[in-house]
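K.L.:
Shown below is the structure under consideration.
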Amino acid sequence: MAKQLAAVLGTGQTYYVAKRHDVTMAGMIREAVDRAMADAHVGWDDIDAIVIGKAPDLFEGSMMPELAMSDALGANGKPLLRVHTAGSVGASTGNVAASLVQAGVHKRVLAVSWEKQSESNAMWALSTPVPFTMPVGAGAGGFFAPHVRSYIRRSGAPDHIGAMVAVKDRRNGALNPYAHLKQPDITLESVQASQMLWDPIRYDETCPSSDGACAIVIGNEDAAKEILSEGRKVAWIHATSMRTEPLSYAERNVANPQAGRDASAALWKAAGITDPLKEIDEAEIYVPFSWFEPMWLENLGFVPEGQGWKYTESGETAIGGQLPVNASGGVLSSNPIGASGMIRYAESAMQVMERAGDHQVDGARKAFGHAYGGGSQYFAMWVVGSDRPTN
């Protein structure tokens with residue numbers, strides 16, 4: 001049977017903050033779910049299956065919390081599937097949910113991802129010794145800083161590029177009501193004056209630790225037509241892609257991982273895109289440390305290798321530029337790790353549905369969502385558009 005069309009019918013997010021002491025994990029998730037279902041104009045009887053995703057359970061200290069949450073997730077009597085691909089899990093969860101619709105298994109699927117980091121400590125959870133692997137004593141920042149240094153050495157990027165990205169994304173986040181960090185007055189000078197945490201990554205070039213959840217409702221063509229008949233838009237899923245590579249192997253290119261190159265090449269081909277820089281109107285790229293914007297611009301094929309920092313420096317990744325990157329504020333403004341990839345998916349869908357509010361990119365008809373996880377090992381991405389795909 002040929003692959004069926006699928007579309008995002010609605011999205012829902014919580015407000016992202018450092019500590020959600022006012023709700024349980026289940027209650028927090030339900031906020032995002034209720035908003036997504038309201039946005040999609042559906043009730044529980046319309047949902048055929050639930051796909052969930054979160055990052056490692058050590059991040060909260062609760063093993064398999066979904067076992068106690070079938071009620072809150074509306075999953076009683078329905079299929080419930082959990083996805084796990086480290087930090088990319090939110091995007092991978094979206095891809096799995098989309099595949100269930102595209103395969104004709106379900107008409108509508110609810111996908112939800114979350115993290116309640118305040119109930120544990122992700123930095124030290126990430127510092128647990130792994131057999132046969134060099135220890136990382138300072139969480140993700142300590143792990144990724146050498147990758148950034150490698151990129152700077154190879155590309156000759158000047159020191160201020162990371163600060164430029166931080167200023168852009170935090171100012172964008174100030175336009176997003178859900179964002180954790182809102183810093184409309186942030187400047188290049190204030191970022192450069194912030195504390196150095198992991199050379200060359202400074203405090204203001206680093207993602208926050210957030211509590212929060214994100215949900216999306218994905219439906220088949222018939223479900224999409226019901227939304228369209230109401231005079232509302234959907235985000236058609238033009239293509240999805242996932243690729244994986246080992247954590248460590250001889251001559252591994254940590255600044256430009258093979259799995260990211262392979263996943264994006266497959267994505268552009270499946271979406272019928274030959275020039276992503278010209279054909280994508282807004283990109284939600286997983287940038288937990290500001291230097292990853294130029295790195296991923298190269299890795300994803302938007303610009304040639306070594307040119308990412310020049311494109312960032314040109315200002316073309318700001319709202320109003322040729323390729324707005326992270327109009328939502330991105331991971332630098334909100335980072336509930338398990339949900340962060342799904343937020344990229346939800347925000348890209350919101351752009352083409354014209355539901356992004358103050359951070360809406362004018363004329364956005366085709367958008368890109370992306371996440372990576374582990375030691376830049378797991379990549380998941382999609383292209384969504386306001387037009388029904390023809391390829």
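The values are calculated or read from the model by the stated rules, or taken from the named source; none is laboratory data. Since the model is a prediction, treat every value here as computed from it, not as a measurement. Counting neighbours? That spans all protein chains shown, and the Cβs are built from the backbone with ideal geometry, glycine included. With ligands, DNA and RNA removed, areas are computed over all heavy atoms of the protein, side chains included. Shrake-Rupley method; radii C 1.70, N 1.55, O 1.52, S 1.80 Å.
K.L.:
Between rounded, prolate and oblate, where does region 73-114 land on the alpha carbon gyration tensor, with a ≥ b ≥ c its root eigenvalues, rounded for a/c under 1.5, else prolate if a/b exceeds b/c?
P.N.:
oblate
K.L.:
Still on this structure, please answer the following. Return a single number: how many Lys pairs in the chain, at a sequence separation of 8 or more or on separate chains, have alpha-carbon atoms below 22 angstrom apart.
P.N.:
Step by step, the pairs that qualify in the chain add up to 25.
K.L.:
Note down the net charge around Ala157, summing +1 for each Lys or Arg and -1 for each Asp or Glu among other residues with Cβ under 14 Å from its Cβ.
P.N.:
Result for the local shell: -2.
K.L.:
To the nearest 0.05, how large is the calculated FRET efficiency for Asp358 and Ser62 if R₀ is 35 Å and r is the Cβ-Cβ distance?
P.N.:
0.50
K.L.:
Then there is this: Calculated from DSSP H runs of 4 or more alone, at -39500 (n - 2.57) each and per residue, what is the 222 nm mean residue ellipticity of the chain, nearest 500?
P.N.:
Value at 222 nm, helices only: -9500 deg cm²/dmol.
K.L.:
Let me ask something additional. Share of antiparallel DSSP beta bridges in the chain, in percent to the nearest 5?
P.N.:
Rounded to the nearest five, the antiparallel share is 70 percent.
K.L.:
If each of Asp45 and Arg154 carries a label point 7 Å out from its Cα toward its Cβ, how far apart are those two points in nm?
P.N.:
Simple spin-label model gives 5.6 nm for this pair.
K.L.:
Which order do Tyr15, Tyr286, Tyr378 take by accessible area at a 1.4 Å probe, largest first?
P.N.:
Tyr15, Tyr378, Tyr286
K.L.:
First check a/c for region 298-371, with a ≥ b ≥ c the square roots of the eigenvalues of its C-alpha gyration tensor; if it is under 1.5, answer rounded, and if not, answer prolate when a/b is larger than b/c or oblate otherwise.
P.N.:
Taking the square roots of the gyration eigenvalues as a ≥ b ≥ c, region 298-371 is oblate.
K.L.:
How many Å² of accessible area per residue for the chain, probe 1.4 Å?
P.N.:
38
K.L.:
Be a star and scan region 356-383 for residues whose amide nitrogen sits under 20 Å from the point 7 Å along the Cα-to-Cβ vector of Asn253.
P.N.:
Within reach of a label on Asn253, which here means backbone N under 20 Å from a point 7 Å along Cα→Cβ, region 356-383 contributes 371-381.
K.L.:
Quick check: net charge around Glu305, other residues with Cβ under 14 Å of its Cβ, Lys/Arg +1 and Asp/Glu -1?
P.N.:
Once positives and negatives cancel, what remains is +3.
K.L.:
Quick one: net charge around Glu354, please, counting Lys, Arg +1 and Asp, Glu -1 for every other residue with C-beta under 11 Å from its C-beta.
P.N.:
Net charge around Glu354: +3.
K.L.:
How would Lys116, Lys225, Lys366 rank on accessible area, largest to smallest, probe 1.4 Å?
P.N.:
Descending accessible area places them as Lys225, Lys366, Lys116.
K.L.:
Then there's this: Please work out the C-alpha center-to-center distance from region 327-364 to region 37-106 and express it in whole Å.
P.N.:
Distance between centres, Cα-based: 19 Å.
K.L.:
Sticking with this one: Decide, for region 209-249, between rounded, prolate and oblate: order the square roots of the alpha carbon gyration tensor eigenvalues as a ≥ b ≥ c, take rounded if a/c falls under 1.5, and otherwise choose prolate if a/b is larger than b/c, else oblate.
P.N.:
oblate
K.L.:
Residue farthest toward the positive end of the dipole of the chain, with Cβ of Lys/Arg at +1 and Asp/Glu at -1: which of Asn256, Cys207, Pro336?
P.N.:
Positive-most Cα among the choices belongs to Asn256.
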